[in-house]
């Protein structure tokens, strides 16, 4: 809704500036302690993913493709977040996890190619094709930011992690916002300004409070399943608010990606029998009869 009257650069950077003002105020009023040592580097990674990467890439992508199309590609985010959590946590998931995750990626890419087929036939890769590249980049950026932020939230707190990441990225985002305003002064309708305000206050700030709190409680791979309802809700809201049509390709593609992403996370969460047998139960070990000595 916002890209209908505002430039994608202004939306992607300006929403972060709005959220950073709220974040700095909250940190100052509650007198939060400064992060220490390596926490600054980890906060920079979170900021690069969720403050800079995801908002900018999605804003540019949604200028050329419908919101429903973007929602289906973003449906890869649950599996991508689970993958990032696995890699960051140094776990060793079963091979089935990687197989199902790969199938989900192929399903999303196949959907994107099918949706942009008309543009490709009319002349090369087309704008829709580049939009899909941006959306996939946004998925990777958000997954890394979610995984690192979920771990960091256990040390700094949920809303504190989001706030420090916003403050850290604020100089860059303020500069980009000023650049976009000089190139294309904002001129939008009241409804488009309301959409922009929602992006800055809710999507970029308050929404992350509960999200990072959930990731901190964890396990992150399990919590990431909640994102599976995001593409479904996005497609429905796009139809209601923007009047976008729901064709059969969109519905089938969305269901395929959601099923694959859900299967990947569920495979990851299944306990490994070997580990269970090795651990055993303390009570069982205590009550086992003594074994006879053998030579």
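The values are calculated or read from the model by the stated rules, or taken from the named source; none is laboratory data. Remember, it's a predicted structure, so these values are computed and weren't measured experimentally. Counting neighbours? That spans all protein chains shown, and the Cβs are built from the backbone with ideal geometry, glycine included.
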Residues in region 193-221 that are in contact with a helix residue (DSSP H, G or I) (Cβ under 6 Å, 6 or more places away or on another chain) and either crowded, with 20+ Cβ neighbours inside 10 Å or at pLDDT 90 or above (or both) total 12
When restricted to 120, 112, the only residue within 30 Å of residue 192 (Cβ to Cβ), part of a helix (DSSP H, G or I) and modelled with pLDDT under 75 is 112
Single unsatisfied condition, residue 135 versus (1) more than 17 Å from residue 41 (Cβ to Cβ); (2) at pLDDT 90 or above; (3) crowded, with 20+ Cβ neighbours inside 10 Å: (2)
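Could you list, in sequence order, the residues of region 173-192 that are farther than 18 Å from residue 142 by Cα and surrounded by 14 or more Cβ atoms within 10 Å (Cβ to Cβ)? Before the answer, list the steps.
Pass one, region 173-192, residues farther than 18 Å from residue 142 by Cα: 174-192.
Once the filter is applied, which keeps residues that are farther than 18 Å from residue 142 by Cα and surrounded by 14 or more Cβ atoms within 10 Å (Cβ to Cβ), region 173-192 yields 174, 176, 177, 178, 180, 181, 186, 188, 192.
Does residue 147 meet the test of being part of a helix (DSSP H, G or I), modelled with pLDDT of 85 or more and within 21 Å of residue 21 (Cα to Cα)? So that I can check it myself, show each step before the final result.
On the way: part of a helix (DSSP H, G or I): yes; modelled with pLDDT of 85 or more: yes; within 21 Å of residue 21 (Cα to Cα): no.
So residue 147 does not fit the description; no.
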Every residue from region 179-194 that is under 26 Å from the mean Cα position of the chain (by Cα) and under 13 Å from residue 8 (Cα atoms): 180, 192
Regarding residue 100, is this residue at pLDDT below 80, within 18 Å of residue 68 (Cβ to Cβ) and part of a helix (DSSP H, G or I)? no
Which ranges mark the helices (runs of 4 or more DSSP H) fully within region 7-97 that have 2 or more residues being over 28 Å from residue 245 (Cβ atoms) and over 19 Å from the mean Cα position of the chain (by Cα)? 8-30, 39-46
